[in-house]
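One structure below.
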């Protein structure tokens, strides 16, 4: 059987310099061929990172808002909870479809491996989905969606919601952030170089995206939830500032070679204009007046800014995954990571 | 006095010693491997990369011989008197390293990748679900997803042959004993003697790749398939001091948990009613 | 010499061979020698995988090998070591014809400006009678200017290090480094071995290059000794076997010449007279010839009818491969059996060959894949370009599927005459059949077809013994019976003989191939099946003809008195107590002939040799420094330029090319003149580890095809720079025979050499590729020409000239089959 390999490509088309020998081509690196293999990940995993992050962060927000938020907190919590629950299904679908053999997804449940973020991620998604489902049912009950007085509702009243809420916030937070660890615990230079920042960075982005999504929903629901919108917007801004700070830390730790995919080419452009510009810079600019004036932005601005944050969040994940691929393909990036240290 | 062992190989571990100073680049290992393991041909592109038209280890390629031409000096002059043993046209048969602590194995979320009774690392094909996480988790670029069955594949160190008391196909086919199979302990001793011998003959650059000093560094703790090289490892596309990626898992969790706590507090504060 | 014996060498010179790539398994013994401290020298135009393992790589101009070897001879004979170590002189005096006085009709190239005496310009051939010995005259001191030793010393005196540098492009210091290494690794306790392959044979002077090496090894005492000698690495598996029991047009089994019309071999006696020698082993020739005729013709062969000698075909001209191809094109040859061969790719001037194939009436092809030779009529460069239309080709092709190696019993005879048996693992599928099946049943049916016809031709078939039993599901002939026939038996009771010593010339014995006699000394005991190796001669591994001897002429491993030359190089010696030769090997000498034996005046055959004459096949038992007969291009090796060369012959400016080369000068096979400015580059073709000859067994096999998936030409950066060629670019190569395109592999492994003060560029190109299979590329042999060595009739493909340009050929359909 003859097949075309996906990884290794013939490469004479790019030769330019004259009388360049085969020996010359192996001088800088082994013919420019990758040292390590990049993962096969593309849209399924990118979308999973995005919706999974929102799912986790939104549930955490729902819990925190409920604990601390009074009436406005309640409405944030309600939106956040439903949003989170709405993301569970696409997250799981993306995660399953990303597999080479989706029908074997359940094999993930054979083992628990603490040092494998992929294994832990599955359990995190599973456990957070479990708690989230219970909490969403409870939310539905309280919203009267399950009827007023029936055996189910009566039984649900007995549920230790506070305990479940407390327990559920842990996997939710991890769901929001573990994807960074998933990338960090690999040999890909871009991901592993500043591995300690990866989790927090993805977490910040997840919070920002979840907050933006909630803001967007609240904004679209109209003026009745204005107060709640302002509060969640505050969280979004906080998350965005944190994200910016973490990005600065992340990029400062990269060498030029490792950082290259974030600076050049398609991923570089998308990083600069999509993630930093449209996803963070522009929303901050739109919110600028309210930040300086310590007031709140208008509904229209809020909606546009939130939408931009969400686009930026997706772009961030796209860039991180694809720039990671480029980083994995660059032998010099790997060599820089693994050079002899005396 | 017993000196500290060069790797953390467990007792009874089996592995490869691939001695590049004996390699003539015949690629019999590549063919023997594909034949025994019934792996399909996967690439018909002429590369111009010296005589390496294989390029890389892949799901269907578990041995790969690399070729590096190092002949002309800056003035373009070619050598006539050569180093004892392979020189100026370097050839190396690359393979899965069967790490003492293996990144792929630790990364695998299904338990498909296991350590065998021979201390080798294999992917159980009836369990692998093709998540692909072992692929970037290997610091040497060994496992890969097959475009045919979408599962991860790599060298099994001929687990089936080992079970039958035979040596792996590549070692069997190697005409110059560049690929040697045996107990890691013995092979390491042989390799040390060989390196000493080579250095005695003026091959100053000879060294073992795959001990705690080089190749099997930072948590990997040695490679059960190791090499004798005569040039910097990067010449052969091997990282000098790779790390075990999973050593970063717990610290990264920790920083994430800290950040999560901070975010929880921050979120609670910012969500607090006025 | 056996390959294992290389492990005992102190210096191994690999020249005209890319041993690591093309004989990787045998190369393990080179590695073993190296492990023990031997010096490995690779002399080759290219830096190959063999060079990478050598201590010394000597880049040389393709086709100048003889000048280099001649230089070594001159260097050795002028050296202090040769004079000061008595061993060398003693070896030459005792074991070679160095002391023999040559008749005064002989004139050397020194006297005749590059020619020998006896040349007849009419016939373009030498009359070798002028080279004869002055019979009975010897000068043991080897000082007489007419003794062979002095003649060769004088002959090679112009092969100075300076000359080697000018002709071969090898700097003097480097040449001297090689010469010193060889010289210091030769002597009573040290031996040097030479390994060569088809890069020596495939020249118009191929036989003489090898002779020159033999001459050097005799002068250095490196013959018949462990770790010494010349290892002829054969082109591929069992090519040795197919010359022993030949598929060659000019030999009968066991190196007995084919009867020739021109030589008057019209009856058995005149034929035997021509083969039999009064002295030496060939005195036994009649026994082998008669036994062989008895094997072929059985009861029909009687003393009265010359043992059916009349039915043996007699040849009347050159029917070598190269000669056959134009005969096909010209319509002389009308049918062809093509088995295990791919001449549409592998033959020189392969376009002419394809045209020849297209002009046949019929062709029978047996091959596992539809290789180019089978497919030429519907797919070829000519068909793709529209030059030829399939409907115009009349050749009827019978394409038959063969059994492959694991599907049949059989044997391989390798490079060192070692016969190794292999057994069938599975029956071949469907219509696939083994070669023995095909040949046996073809013969059987032909016999049936002609059973009732009363013509001499039919009679020829009718008398042939063709009675093997059959076995297995396909009725394969029983190969055990074939081996029995090859081994030989007594006619009366069909008792197997134990060796060729038992063969008789009275018709009482039959033997298919005398040199293999002894391979099956008892029924069922096939010695080729033996598989017991050891660290010495491994006498119980397979069977090495003749008589299971591993090192030929091994009597020379002992000094004239029968003692080992040194402890370190013991191999065979005279045991005074047992009164016989003993040692690690089977003695290649009459086992009980004393070292001090001196023949009487009437002694014949081997008894006419002294007890210190190791070369039993030679008429006088001595190695030949000077060959008075047997070679058609001269008694002493002489450097002539390849037929196509960018430079003239500096050694013999008046005689640039060999005067006796058989040419095929015709419009479709034009040659380049020496120094033709249109074709300034030397082109040499070669093989890669990853492929097998013309690719029939590798380019169609995915696992092999992917390793070297496309054709290329190796070009030095210096030459590439002149054309602005970058690694991987397309280039076009041109000769008067054809033009092709291929990828450039720009590599420092090639380099221009300075020949006579100016740079000469060499281009290397693997000749494996064709348009079929999975690994494709243009055919290197579209460029080469039909031209031969006059002795062996082997083509010249290792050195010819070409032109180079950057870019691809303009083609209608991109005939290379390689996508952009």
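The values are calculated or read from the model by the stated rules, or taken from the named source; none is laboratory data. Bear in mind that the values here come from a model prediction, so they are computed numbers and not experimental data. Note: ideal-geometry Cβ built from the backbone for every residue, glycine included; neighbour counts use all protein chains shown.
Here's a check for you: in segment C:300-351, which residue that is more than 29 Å from residue C:663 (Cβ to Cβ) and in a helix (DSSP H, G or I) is farthest from the chain's Cα centre (by Cα)?
C:300
Return the only residue of C:235, C:264, C:254, C:221 being closer than 30 Å to residue C:89 by Cβ and part of a loop (DSSP other than H, G, I, E, B).
The match here is C:221.
Only one of these is in a helix (DSSP H, G or I), in contact (Cβ under 8 Å) with a residue 60 or more places away in the chain and either at the interface with chain B (Cβ under 8 Å from one of its Cβ atoms) or closer than 30 Å to residue B:92 by Cβ (or both): A:80, A:60. Name it.
Matching residue, one of A:80, A:60: A:60.
Tell me, which helices (runs of 4 or more DSSP H) lie completely within segment A:124-211 with 1 or more residues that are away from chain B (no Cβ under 12 Å) and either in contact with a helix residue (DSSP H, G or I) (Cβ under 9 Å, 6 or more places away or on another chain) or closer than 25 Å to residue B:245 by Cβ (or both)?
Ranges flagged: A:151-157, A:161-184.
So, in segment C:42-90, exactly how many residues are in contact with a helix residue (DSSP H, G or I) (Cβ under 9 Å, 6 or more places away or on another chain) and either more than 10 Å from chain B (Cβ to nearest Cβ) or farther than 29 Å from residue B:50 by Cα (or both)?
The number of residues fulfilling the criteria is 27.
Against the definition (away from every other protein chain (no Cβ under 13 Å), more than 15 Å from residue A:266 (Cα to Cα), touching a helix residue (DSSP H, G or I) at 6+ places or on another chain (Cβ under 6 Å) and part of a helix (DSSP H, G or I)), how does residue A:305 come out, yes or no?
In short, yes.
A quick yes/no check of all residues on (1) crowded, with 21+ Cβ neighbours inside 10 Å; (2) over 25 Å from residue C:648 (Cα atoms); (3) at pLDDT below 95:
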| residue | (1), (2), (3) |
| --- | --- |
| C:748 | yes, yes, yes |
| C:756 | no, no, yes |
| C:760 | no, no, yes |
| C:773 | yes, yes, yes |
| C:785 | yes, no, no |
| C:809 | no, yes, yes |
| C:813 | no, yes, yes |
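Do we find that residue A:118 is within 14 Å of chain B (Cβ to nearest Cβ), surrounded by 19 or more Cβ atoms within 10 Å (Cβ to Cβ) and either in contact (Cβ under 8 Å) with a residue 24 or more places away in the chain or not in a helix (DSSP H, G or I) (or both) in this structure?
yes
Of these, C:150, C:177, which one is at pLDDT 95 or above, over 30 Å from residue C:567 (Cβ atoms) and surrounded by fewer than 23 Cβ atoms within 10 Å (Cβ to Cβ)?
C:150
Of the residues A:85, A:50, which is under 19 Å from the mean Cα position of the chain (by Cα), over 14 Å from residue A:132 (Cα atoms), at pLDDT 90 or above and part of a helix (DSSP H, G or I)?
One residue alone meets the criteria, A:50.
State all residues of segment B:219-238 that are in contact with a helix residue (DSSP H, G or I) (Cβ under 6 Å, 6 or more places away or on another chain) and within 7 Å of another protein chain (Cβ to nearest Cβ); if no residue qualifies, say none.
Of everything in segment B:219-238, just one residue is in contact with a helix residue (DSSP H, G or I) (Cβ under 6 Å, 6 or more places away or on another chain) and within 7 Å of another protein chain (Cβ to nearest Cβ), namely B:234.
Within segment C:471-509, how many residues are assigned to a strand (DSSP E or B) and either in contact (Cβ under 8 Å) with a residue 12 or more places away in the chain or in contact with a helix residue (DSSP H, G or I) (Cβ under 7 Å, 6 or more places away or on another chain) (or both)?
Residues that pass the stated criteria total 6.
Could you list, in sequence order, the residues of segment B:61-89 that are in contact (Cβ under 8 Å) with a residue 60 or more places away in the chain, crowded, with 23+ Cβ neighbours inside 10 Å and out of contact with any strand residue (DSSP E or B) (no Cβ under 6 Å at 6 or more places or on another chain)?
Result: B:62, B:85, B:86, B:87.
Residue by residue, here is whether (1) surrounded by fewer than 19 Cβ atoms within 10 Å (Cβ to Cβ); (2) within 31 Å of the chain's Cα centre (by Cα); (3) at pLDDT 95 or above holds:
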{"position": "C:396", "(1), (2), (3)": "yes, no, yes"}
{"position": "C:399", "(1), (2), (3)": "yes, yes, yes"}
{"position": "C:405", "(1), (2), (3)": "yes, yes, no"}
{"position": "C:419", "(1), (2), (3)": "no, yes, yes"}
{"position": "C:437", "(1), (2), (3)": "no, yes, yes"}
{"position": "C:454", "(1), (2), (3)": "yes, no, no"}
{"position": "C:458", "(1), (2), (3)": "yes, no, no"}
{"position": "C:489", "(1), (2), (3)": "no, yes, yes"}
{"position": "C:495", "(1), (2), (3)": "yes, no, yes"}
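For segment B:37-60, which residues satisfy the criterion of being more than 7 Å from every other protein chain (Cβ to nearest Cβ) and out of contact with any strand residue (DSSP E or B) (no Cβ under 8 Å at 6 or more places or on another chain)?
B:37, B:38
I'd like to verify a number: residues in segment C:352-370 that are outside any helix (DSSP H, G or I) and either in the same structural domain as residue C:697 (by TED's automatic domain parsing) or touching a helix residue (DSSP H, G or I) at 6+ places or on another chain (Cβ under 7 Å) (or both), how many?
Of the residues in segment C:352-370, 6 are outside any helix (DSSP H, G or I) and either in the same structural domain as residue C:697 (by TED's automatic domain parsing) or touching a helix residue (DSSP H, G or I) at 6+ places or on another chain (Cβ under 7 Å) (or both).
So, residue C:207, is that one more than 14 Å from every other protein chain (Cβ to nearest Cβ), under 30 Å from residue C:688 (Cβ atoms) and in contact with a strand residue (DSSP E or B) (Cβ under 7 Å, 6 or more places away or on another chain) or not?
For residue C:207, the condition - more than 14 Å from every other protein chain (Cβ to nearest Cβ), under 30 Å from residue C:688 (Cβ atoms) and in contact with a strand residue (DSSP E or B) (Cβ under 7 Å, 6 or more places away or on another chain) - is not met.
Just one of B:6, B:10 is out of contact with any helix residue (DSSP H, G or I) (no Cβ under 6 Å at 6 or more places or on another chain) and either assigned to a loop (DSSP other than H, G, I, E, B) or farther than 22 Å from residue C:689 by Cβ (or both); which is it?
Of B:6, B:10, the one residue that is out of contact with any helix residue (DSSP H, G or I) (no Cβ under 6 Å at 6 or more places or on another chain) and either assigned to a loop (DSSP other than H, G, I, E, B) or farther than 22 Å from residue C:689 by Cβ (or both) is B:10.
Being outside any loop (DSSP other than H, G, I, E, B) and surrounded by fewer than 21 Cβ atoms within 10 Å (Cβ to Cβ) is the filter here; which residues of segment C:536-561 pass it?
C:541
Could you count how many residues in segment B:99-120 are under 25 Å from residue B:196 (Cα atoms) and more than 13 Å from chain A (Cβ to nearest Cβ)?
1
Please go through segment B:133-171 and give me each residue that is over 18 Å from the mean Cα position of the chain (by Cα) and within 14 Å of chain A (Cβ to nearest Cβ), ordered by number.
Across segment B:133-171, the qualifying residues are B:146, B:147, B:148, B:149, B:150, B:151.
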